[in-house]
Amino acid sequence: MKRILWITLSVLLLSGMGYSIFGLVTRDSPTTPRPLDRTIAERVIVAPADSPEAGPDLSDPVMTSGAGLAVGKTVIGGNGVVEPDREEVGVTGQVAGRIAEVLVKEGDKVSADAPLLRLDDAVHKATVAIAEADLETAKVRRDKTLAGSRAEDIRASIAQVREAQARANLSRGVFERLEKLAASNAATADELDRARRQADADRFATNAAEARRAAVVNGSRAEDIAEAEALVKAAEARLLEAQARLDELTIRAPMAGEILQVKVRPGAYYQPGATAPIVLGDTSHLTVRVDIDERDFARIRAGDPVKVVAKAFGDKVFAGKVRELGRRMGRKNVRTDDPTELNDTKILEVVVALDTFEGLVVGQRVTALIEAAAARNADASPAR
């Protein structure tokens, strides 16, 4: 009985395994796209030349309404985002500090090097003031050294020399008289010795006065002048350093453009390396960066006309031309939030220069329809 039961279970198990293997072999691959997926992913629409009234058969009515697509063209569609003429710039500073003042607001037009925000600079201003005072002191000392002695100082030194000479003459005369008296024993040896020493001291004092007069009359030495000049240069360098550190506390615009975003407020603490506090862009002209499916980019050339539509403007069309094609395939940049959208396909970025862009906002999602010549085949390499 047990033998029959084991045989029955074995047969059932083998039958189940065979059925599973058969199903895996015969059923479609889980990665095989459904017809709906193919419809959604199709981005190339060819308008037949013999149907003037024909337009692109796109699922979004905004794309088909008033787009003005040329008949007989291969229309390649792609989602894109509006950007400044040049890429947005996140403006950052070099040093950390508390934000004292934000000098711009979103939408302001600024010129290159315009101040955007200022960090607390009280300590650095004091440092600059000290450096300025040190420089003035060094300059005064240098000028004094270069100017030499005043006329009053020279006259005073000459008078001191004359006084020393008169005193030396007097002491020498006293010594000579005592020397004669000592010869006749009218003066003691001690008195003669004191007179000799006084005469020598007064003569040395005269020599010192003469040297001081020569120094005053001749002016400063070359070494003193060089030292004074060096001290002035050192003070100037310290002032430049203090001013540079002060300037670092003001964040300036690297180029002319429009303030697109201000992310900080006064009182916040800014740290270099964190999120850029201000975003700047050149909005004098706008472009659209479009994601083009890897199957379609070979049909596109620089200069191809483009129609751009946005849901916010209904059937309004913004005209433009393909300006450049990317050099590297990548992942999608623009998501439509459609749950059925295929996001695992590779794309090539195409930049479209807009001829008309009034009302468009940087960062706005749009749809671009590129009119490529129908005769181009997908095997040709795109022009750069």
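Of note:
- Residues located in region 114-154, provided they are in contact with a Pro (Cβ under 8 Å, 6 or more places away or on another chain) and surrounded by fewer than 13 Cβ atoms within 10 Å (Cβ to Cβ): none
- Taking the listed residues Ala274, Ala268, Ala182, Ala237, the one that is at negative phi and more than 27 Å from the chain's Cα centre (by Cα) is Ala182, with no other qualifying.
- Within region 192-214, considering residues that are at pLDDT below 85 and exposed (fewer than 13 other Cβ atoms within 10 Å of the Cβ), the one farthest from Lys144 (Cα to Cα): Ala211
- Odd one out for Ile259, checked against (1) more than 20 Å from Val91 (Cβ to Cβ); (2) surrounded by 15 or more Cβ atoms within 10 Å (Cβ to Cβ); (3) in contact with a strand residue (DSSP E or B) (Cβ under 8 Å, 6 or more places away or on another chain): (1)
- Considering Lys139, Lys180, Lys125, the condition of being under 30 Å from Glu223 (Cβ atoms) and assigned to a helix (DSSP H, G or I) is satisfied by Lys139 alone.
- Scan of region 146-175 for residues that are modelled with pLDDT under 85 and among the small types (Gly, Ala, Ser), ordered by number: Ala147, Gly148, Ser149, Ala151, Ala156, Ser157, Ala159
- Residues that are out of contact with any strand residue (DSSP E or B) (no Cβ under 7 Å at 6 or more places or on another chain) and either acidic (Asp, Glu) or more than 18 Å from Ala274 (Cα to Cα) (or both) within region 91-120 comprise Ser111, Ala112, listed in sequence order.
- Residue count for region 293-318, restricted to those that are closer than 12 Å to Thr367 by Cβ and part of a strand (DSSP E or B): 6.
- Among the residues of region 230-256, not one is in contact with a Gly (Cβ under 8 Å, 6 or more places away or on another chain), among the β-branched types (Val, Ile, Thr) and surrounded by fewer than 18 Cβ atoms within 10 Å (Cβ to Cβ).
- Residue within region 271-292 that is surrounded by 15 or more Cβ atoms within 10 Å (Cβ to Cβ) and small (Gly, Ala, Ser) present: yes
- Set Leu280, Leu246: member being in a helix (DSSP H, G or I) and either assigned by TED's automatic domain parsing to the domain that holds Ala100 or not polar (S, T, N, Q) (or both): Leu246
- Check on Val81, assigned by TED's automatic domain parsing to the domain that holds Val309 and touching a residue at least 40 places away in the same chain (Cβ under 8 Å): yes
The values are calculated or read from the model by the stated rules, or taken from the named source; none is laboratory data. All figures in this text were calculated on a predicted structure; none of them were measured in a lab. We place every Cβ from the backbone using ideal geometry, glycine too, and count neighbours over all the protein chains shown.
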